[in-house]
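Got a structure here, written out as structure tokens. Questions coming.
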Amino acid sequence: MNYVVSARKWRPQKFEEVVGQEHISKTIKNAIVNNRIAHAYLFAGPRGIGKTTTARILAKALNCKNSINGEPCNNCETCNSFNSSQSLDIIEIDGASNRRIEEIRSLREAVKYSPTSGSYKIFIIDEVHMLTTESFNALLKTLEEPPAHAIFIFATTDVHKVPLTIISRCQRFDFRRIELNAIKVQLSKIAASDEIVIDDQALTFIAKKADGALRDAQSLFDQVISFGGKNIDAAIVAQMLNLIDEELYFKISDSILNKDFIQAFEISKVVYDNGWNYIDFTTGLVEHFRNILTTILKKDTTFVESSEQIKLLYSNYIGSFSESDVLRILTYLSRVEKDLRNSQNQKLFIEIALSHLIGLESTTTISQLLENIQKGIFPKEENTNKPIPKTEINDKPIPLKKVSKDQLPNKQEKLNNQFSNVDTNLSEEENSLINAVINELGGKEYK
């Protein structure tokens, strides 16, 4: 049997198998059960999260002869013909390849014909935003008043490119990114089915790299299996995907606490030697301190998306950093991340930035200062006054030397000395004024 990639092999065949979109699956199933079926649906959301898969399940369920609670049976003739791509009543069109008005006109003609075996003739248009403006305009009238047997299902990753006139004629469903834990659970099922041993940290690496897209996670999973075989650990995944070692981020946060400046240069060298991107490194560092902030605020690791081993490391920072310190660090790193893109020497830039980061001093808030003052706790000041040695202290009284009257300074001489440096380039009025002052004080005239 030929090899089939995990994304195709594990493609859901029922609504209950769709991962992470329970709100949409429940709504559509209830609509089928209650016979409240719309003539047009619009599925919007990021890539790889189940839009086209849900559209196919919906089309299959609408024509299924043995539908149970809105789910297709996958055993009847209609379901089997669709699963084997032989159904004439379910037509799937790629909007990127059939975007011209001529293809849409052909589709409008096909809408008129009744279904051959099922209850509805269903048209699935994937990447509908790729249609031209003329093609959208050609669809307007058909969408507004379609035949009773025709149902349209549109899927798009760029819903803002779809005209509002089209959106208003459809029931819109917004698909959301799949949570990290949900992706890990699904990958664990695949690994168990294929008898592959993989640890939690490795699953976390793959799920985070997929960024909420299950299809991307399944593709990465296949690559990792091809690289590492049946036994997969975090080191193999990190090597295969060239991921930055998270231990580096913890070394930086520890260096800030310990003021270990040499780590700035050692970590920069590790990043450079492994060929990691400095921008990706800075982005990861921002996420690292974001995790520290949430851990400090929540007093647990609820908001940290990582393995249990890494969560335990984050919990050790409770009480080590203050909220204001982490906010200062995040503000600084955001500026570094922006300026790094324009740097000519990113290695040198990161070394300087990390040195500044490690050198940041801890801050104390006003409320903390007031609280300390109320408790009588004051910051200790270093005493710079050296104590006087006891040998320099003389307890004996200092004898006073007797001075005769003749040795005392003469008042007239003192006045004359004080005025001896006065500028002589004065007017007669100024000289007479000075002489008057000297005579009043008992001195000789100034010439």
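How many residues are crowded, with 20+ Cβ neighbours inside 10 Å, modelled with pLDDT of 85 or more and either out of contact with any strand residue (DSSP E or B) (no Cβ under 9 Å at 6 or more places or on another chain) or not hydrophobic (A, V, I, L, M, F, W, C) (or both) when one looks only at the range 113-126?
2
Restricting to the range 152-181, name every residue that is under 24 Å from the mean Cα position of the chain (by Cα), of a type in the set (S, T, N, Q) and either outside any helix (DSSP H, G or I) or surrounded by 17 or more Cβ atoms within 10 Å (Cβ to Cβ) (or both).
Across the range 152-181, the qualifying residue is only 157.
Suppose we filter 56, 11 for residues that are on the phi < 0 side of the Ramachandran plot, surrounded by fewer than 19 Cβ atoms within 10 Å (Cβ to Cβ) and either small (Gly, Ala, Ser) or outside the structural domain of residue 219 (by TED's automatic domain parsing) (or both); which single one remains?
Step by step, each of 56, 11 is checked, and only 11 is on the phi < 0 side of the Ramachandran plot, surrounded by fewer than 19 Cβ atoms within 10 Å (Cβ to Cβ) and either small (Gly, Ala, Ser) or outside the structural domain of residue 219 (by TED's automatic domain parsing) (or both).
Does any residue of the range 215-229 turn out to be part of a loop (DSSP other than H, G, I, E, B), without any contact (Cβ under 8 Å) to a residue 24 or more places away in the chain, assigned by TED's automatic domain parsing to the domain that holds residue 189 and farther than 30 Å from residue 54 by Cβ?
Scanning the range 215-229, I find at least one residue that is part of a loop (DSSP other than H, G, I, E, B), without any contact (Cβ under 8 Å) to a residue 24 or more places away in the chain, assigned by TED's automatic domain parsing to the domain that holds residue 189 and farther than 30 Å from residue 54 by Cβ, so the answer is yes.
Another question, then. I need every pair where a residue in the range 28-45 that is over 10 Å from residue 170 (Cα atoms) and in contact (Cβ under 8 Å) with a residue 40 or more places away in the chain has its Cβ under 9 Å from the Cβ of a residue that is of a type in the set (Asp, Glu) and assigned to a loop (DSSP other than H, G, I, E, B), sequence separation at least 6 or different chains.
Listed pairs, sorted by first residue: 44/158.
Which is touching a residue at least 12 places away in the same chain (Cβ under 8 Å) and of a type in the set (Gly, Ala, Ser), of 234, 192?
234
Would you point out the residue of the range 127-151, among those that are of a type in the set (D, E, K, R) and under 27 Å from residue 36 (Cβ atoms), that is surrounded by the most Cβ atoms within 10 Å (Cβ to Cβ)?
As a first pass, look at the range 127-151 and keep what is of a type in the set (D, E, K, R): 127, 134, 141, 144-145.
After this cut, where a residue has to be under 27 Å from residue 36 (Cβ atoms) as well, the list is 141, 144-145.
Working: 141: 10, 144: 12, 145: 8.
The residue in question is 144.
Can you tell me which of (1) buried (at least 20 other Cβ atoms within 10 Å of the Cβ); (2) out of contact with any strand residue (DSSP E or B) (no Cβ under 6 Å at 6 or more places or on another chain); (3) β-branched (Val, Ile, Thr) is the one residue 232 doesn't meet?
Of the numbered conditions (1) buried (at least 20 other Cβ atoms within 10 Å of the Cβ); (2) out of contact with any strand residue (DSSP E or B) (no Cβ under 6 Å at 6 or more places or on another chain); (3) β-branched (Val, Ile, Thr), the odd one out for residue 232 is (2).
With part of a loop (DSSP other than H, G, I, E, B), in contact with a Phe, Trp or Tyr (Cβ under 9 Å, 6 or more places away or on another chain) and surrounded by 19 or more Cβ atoms within 10 Å (Cβ to Cβ) as the only criterion, which of 37, 49 stands out?
49
The values are calculated or read from the model by the stated rules, or taken from the named source; none is laboratory data. Because the structure is a prediction, the values reported are computed rather than measured. Note that each Cβ is placed from the backbone with ideal geometry, even for glycine, and that neighbours are counted across all protein chains shown.
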